[in-house]
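Everything below concerns the one structure shown next.
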Amino acid sequence: MVKLKKLLKKKSYTATKLTLTKTNHLEIEAELNGVKGIFILDTGASNTCVGVDKGDKFHLEFTESDVKAAGAGATEMDTFVSSKNSLTISAWKTKKQQIVLFDLSHVNTALELHDASPVDGIIGADVLKKAKGVIDYNTTTLYVRKKR
């Protein structure tokens, strides 16, 4: 049987190691607008998000959105949106990434209650789809396809 790593390498994928946290979340280091950050990899999140308190850190220019966010036990949260951001994961990069900003303090509080480190944001299904992401849960690795 052909190993997943070998098969994906032939298809121009690169590997990024994920960290399995004490809370069973997968964390990934990514670069947003040239700044490294720690993000939860969340296949159930429709959008890639950053805590509104991290807007300056990642040089995000954002405007208020009419959309309300919900997740991780919180609902009806005000959101902001930032367009045309550079996002890099391993050898994959986009210069047109939309980022949703909202208060992630409830997420980080829950992580810290379980002795896990806080995160800057969430990499959602929008990025995983664009990057043609493949998650190998057995080796805690994310494979993303390099643009040709």
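Given the condition exposed (fewer than 12 other Cβ atoms within 10 Å of the Cβ), free of Cβ contacts under 8 Å to residues at least 40 places away in the same chain and either assigned to a helix (DSSP H, G or I) or basic (Lys, Arg) (or both), answer yes or no: does some residue in the range 94-107 qualify? Looking through the range 94-107, at least one residue is exposed (fewer than 12 other Cβ atoms within 10 Å of the Cβ), free of Cβ contacts under 8 Å to residues at least 40 places away in the same chain and either assigned to a helix (DSSP H, G or I) or basic (Lys, Arg) (or both). For the structure I just gave you, tell me whether Val67 is at pLDDT 90 or above and either assigned to a strand (DSSP E or B) or surrounded by 13 or more Cβ atoms within 10 Å (Cβ to Cβ) (or both). No: the conditions fail for Val67. His59 meets all of the listed conditions (1) modelled with pLDDT of 90 or more; (2) surrounded by 15 or more Cβ atoms within 10 Å (Cβ to Cβ) but one, namely (2).
Name the residues in the range 15-42 that are polar (S, T, N, Q) and at pLDDT 95 or above, would you?
Thr16, Thr19, Asn33
Hey, any hits in the range 116-134 for a residue that's open to solvent by less than 50 Å² (accessible area, probe 1.4 Å), within 14 Å of Leu4 (Cβ to Cβ) and at pLDDT 95 or above? Yes.
Against the conditions (1) in a strand (DSSP E or B); (2) surrounded by 15 or more Cβ atoms within 10 Å (Cβ to Cβ); (3) touching a residue at least 24 places away in the same chain (Cβ under 8 Å), Thr79 satisfies every one except (3). Scanning the range 5-31 for residues that are touching a residue at least 60 places away in the same chain (Cβ under 8 Å), closer than 23 Å to Lys93 by Cβ and open to solvent by 100 Å² or more (accessible area, probe 1.4 Å) returns Lys5, Lys11, Lys17.
Count of the range 81-123 residues, restricted to those that are touching an Asp or Glu at 6+ places or on another chain (Cβ under 6 Å) and closer than 10 Å to Cys49 by Cβ, is 1.
The values are calculated or read from the model by the stated rules, or taken from the named source; none is laboratory data. Everything numeric in this text was worked out from a predicted model, so none of it was measured. No Cβ is skipped: glycine too gets one built from the backbone with ideal geometry, and neighbour counts run over all protein chains shown. Ligands, DNA and RNA are excluded from the accessible area calculation, which covers all protein heavy atoms including side chains. Shrake-Rupley method; radii C 1.70, N 1.55, O 1.52, S 1.80 Å.
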